[in-house]
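What follows draws every value from the coordinates through simple rules; no lab data is involved. All values reported here derive from a predicted model rather than from experimental measurement. Virtual Cβ from ideal backbone geometry, glycine too; neighbours counted across all protein chains shown.
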Amino acid sequence: MEFHILCDAKDIARYVFTPGSHARAKQIAAHFDDARLVSDSRGYLVFTGTVDGIPMTVSSTGMGGPTTAICLEELGRMGADTFVRVGSCGTYQEYVDCGDVIISTGIFRAGGTANNYLPVEFPAVPSFEITLALVNAAKKLGLKAHAGLGSAGDAFYAPRDPALRKVLKQAGLVSAEMESDTLFIIGAVRGWRTGALFACDGTAGETKPEWCEAAFKQSQVNAIRIAIEAMKNIALADDGMHK
């Protein structure tokens, strides 16, 4: 039994969704058949069930790199090796609307936790096969999704550098959130597959405005549908390779 996520390894699936929030973890678990709560300890809400017969787990990570790292490390020691973050984000770009879904292709590292694993020069990128599965799932379901680079930092209220933000926007960064740099870097170090997609909860100049609440809620639904469809296809491809 791990130190923070208190459950038996047999209760953790290979395929794991890692949203930040408890509420989104419950939303994902609602798509599982026979979902059961396997741990509710130290801020980690963990459910396991099946989707079309495929065992899957979802665990909330909380906000920022430190809690995300603990979650990944402990789930990985219990047998998980494929992680998809289903999160929320802001955006740098005016063409992204509140309520859009963004699939990450890489992250500008503005957090601190991942620096304890690899130097900041090492790129934080998701696994290609997971990213491709997410893009293909969005197309299959007919759901709008942007794919692009983003940033992740773990100091939400820290002072911002307007000049840096302007450069990052000009360079094409799409999303801004708090956990994916840690996810991708730990995945690289441990040899795990990772991917991430986000529901956009604001616009380039306004974060979490009241007018976009309904659109954001729908984008969470869309992101979850994309993530589950992608994970099913990843699992089926894995099964095909082993036959």
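Where a Cα-Cα gap under 20 Å defines reach, which aspartates and glutamates qualify for Lys10, not counting those fewer than 8 residues away within the same chain?
Partners found: Glu2, Asp33, Asp34, Asp40, Asp52, Glu73, Glu74, Asp81, Asp238, Asp239.
Do any cysteines in the chain lack another Cys Cβ under 4.7 Å, and if so which?
Cys7, Cys71, Cys89, Cys200
Using a Förster radius of 30 Å, what is the FRET efficiency between Val221 and Arg165 based on their Cβ-Cβ separation? Nearest 0.05, please. Walk me through the numbers before you get to the answer.
Working: r = 30 Å, r/R0 = 0.99.
So the FRET efficiency works out to roughly 0.50.
Please sort 179-191, 74-86 by packing, taking for each peptide the average over its residues of neighbouring beta carbons within 10 angstrom, highest first. Display every interim value, and only then the final one.
Values: 179-191: 24.0, 74-86: 22.4.
For the peptides 179-191, 74-86, the packing ranking is 179-191, 74-86.
Assigning unit charges at the beta carbon (Lys, Arg +1; Asp, Glu -1) and nothing else, what dipole magnitude in debye, to the nearest 20, does the chain show about its Cα centre?
Values: 23 positive and 27 negative charges, 56 e Å.
So the magnitude is around 260 debye.
Tabulate in residue order the Karplus-calculated ³J(HN,Hα) for region 140-148, using 6.51 cos²θ - 1.76 cosθ + 1.60 with θ = phi - 60°, rounded to whole Hz; enter x for Gly and Pro.
Those phi angles translate into 4, 7, x, 10, 5, 8, 8, 10, x Hz.
Hey, can you rank 212-224, 10-22, 134-146, 58-70 by average C-beta count inside 10 Å, highest first?
Per-residue mean Cβ counts within 10 Å order the peptides as 58-70, 10-22, 212-224, 134-146.
Would you list which lysines come within 24 Å of Lys139, measuring only between C-alpha atoms, while excluding same-chain residues fewer than 8 positions from it?
In chain and number order, the partners are Lys217, Lys232.
What ³J(HN,Hα) values, in whole Hz, does the Karplus curve 6.51 cos²θ - 1.76 cosθ + 1.60 give for region 70-76 when θ = phi - 60°, with x put for Gly and Pro?
Going residue by residue, I get 4, 4, 5, 4, 6, 5, x Hz, with x marking Gly and Pro.
Give me, ordered by chain and number, the residues 5 or more places off Phe17 or on other chains with an amide H under 5 Å from its own placed amide H.
For Phe17, whose amide H was placed from the backbone, the distant partners under 5 Å are Thr57, Val58, Ser59, Val84.
Trp211 label point, 7 Å along Cα→Cβ, cut-off 14 Å on backbone N: hits in region 69-99?
97-99
Along region 211-222, what does the Karplus equation 6.51 cos²θ - 1.76 cosθ + 1.60 (θ = phi - 60°) give for ³J(HN,Hα), rounded to whole Hz, x for Gly and Pro?
3J(HN,Hα) across region 211-222, in whole Hz: 5, 9, 4, 5, 5, 5, 4, 5, 5, 5, 4, 5.
In terms of the Cα gyration tensor, with a ≥ b ≥ c the square roots of its eigenvalues, is region 69-212 rounded because a/c is under 1.5, prolate because a/b exceeds b/c, or oblate?
oblate
DSSP beta bridges in the chain, what fraction antiparallel, as a percent rounded to 5? Can you show the working numbers first?
Details: 20 of 45 bridges.
Counting DSSP beta bridges with both partners in the chain, the antiparallel share is about 45 percent.
Sequence-distant or interchain residues sharing an amide H contact under 5 Å with His146, placed H: which?
Distant-sequence amide H within range of His146: Val101, Ile102, Ile103.
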